[in-house]
Ligand SMILES: [Ca+2]
Ligand SMILES: [Ca+2]
């Protein structure tokens, strides 16, 4: 970092308009390097300063970090991770099983005329700490009130985004747990707990997620206003 700052100062003093590329951090973990590189390649923000974090989800990837082809099986077959950075470089803060696709009941039940919603791969800065669901608050979550996201609508009800139409807006695509009514149970099936939200299969996992994301120094500085960004990937993009 010091060498980068010296190069940056030299470039500015020398009247050059081109700013040197930031140094590539040292990686201690091949998985972290893979995710971090994919974020950089797409232009997603990455954690740079100690205490900053990045939330990311991977559709169709197990906790074994192997692609599973995202089967339309109503299971928690997606991956959630949090990247952090400290003096030694980027590291994995935590990882969780999850779903970022709606349960079958919401695909076939069609609560929206366009079809069940599933979030499109990309980076969105859209979530604030709040309560899920907003109408009858149940538990603390990241709530999509800070920005728009893009979803595919599964009009042909096949559990695949291929050929589906897109919508962009505020759809309540929250990052939450199954709900306190399930106690500490680890759910096997998505069922009614996701209509396109990003959901961990148990409340203990979700509470751990919330405790970790709230450690981000940018959130701590401005807890009422901070809008969390999140990177969404399909397994084929990593
Ligand atoms: Ca999935
Ligand atoms: Ca479809």
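The numbers here are math on the coordinates, done by the rules we state, and not lab data. The shown structure was predicted, so the numbers you read here are calculated from the model rather than taken from an experiment. Virtual Cβ from ideal backbone geometry, glycine too; neighbours counted across all protein chains shown.
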Work out how far the C-alpha atoms of the range 83-153 reach from end to end along every principal axis, then list the three figures in whole Å, largest first. 49, 27, 23
Output the Cα-based Rg and Dmax of the range 133-176 in Å, rounding Rg to one decimal and Dmax to a whole number. 12.8, 35
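For a quick check: sort 170, 36, 79, 219 by the number of other beta carbons within 10 angstrom, fewest at the front.
170, 219, 36, 79
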Could you list 164, 73, 154, 208 so that the one with the fewest beta carbons within 10 Å of its beta carbon is first and the one with the most is last? 73, 208, 164, 154
Which of these, 155, 44, 29, has the largest mean-square fluctuation under a Gaussian network model of the chain (Cα springs below 10 Å)? 29
Could you please state, rounded to a whole Å, how far the C-alpha centre of the range 108-185 is from the C-alpha centre of the range 76-98? 21 Å
Using 0.36 nm per residue of separation minus the Cα-Cα distance, give me the extension gain between residue 64 and residue 135 in nm, one decimal. 21.9 nm
Sequence gap at least 6, Cα distance under 8 Å: using those rules, report the relative contact order of the chain to the nearest whole percent. 22 percent
Simple spin-label estimate for residue 168/residue 50, 7 Å along Cα→Cβ, in nm, reads 3.8 nm
Taking Cα atoms, the helix 2-13 axis meets the longest principal axis of the chain at an angle in degrees (rounded to 10) of 70 degrees
State, to one decimal in nm, how far the label point of residue 208 lies from the label point of residue 185, with both points 7 Å from Cα in the Cβ direction. 2.0 nm
Only Cα pairs within less than 10 Å get springs; with that Gaussian network setup on the chain, which residue of 89, 60, 181 has the largest fluctuation? 181
In degrees, nearest ten, helix 30-42 long axis to first principal axis of the chain (Cα): 90 degrees
Scaled by the rule-of-thumb 2.2 N^0.38 Å, the alpha carbon Rg for the range 116-238 gives a ratio of 1.07
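Considering all alpha-carbon pairs of the chain, what whole percent are spaced by more than 21 angstrom?
So the portion of pairs separated by more than 21 Å is 58 percent.
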Going fewest to most other Cβ atoms within 10 Å around each Cβ, 107, 199 line up as 107, 199
Once you have the Cα-Cα distance between residue 220 and residue 38, take 0.36 nm times their residue separation minus that, and quote the gain in nm to one decimal. 62.8 nm
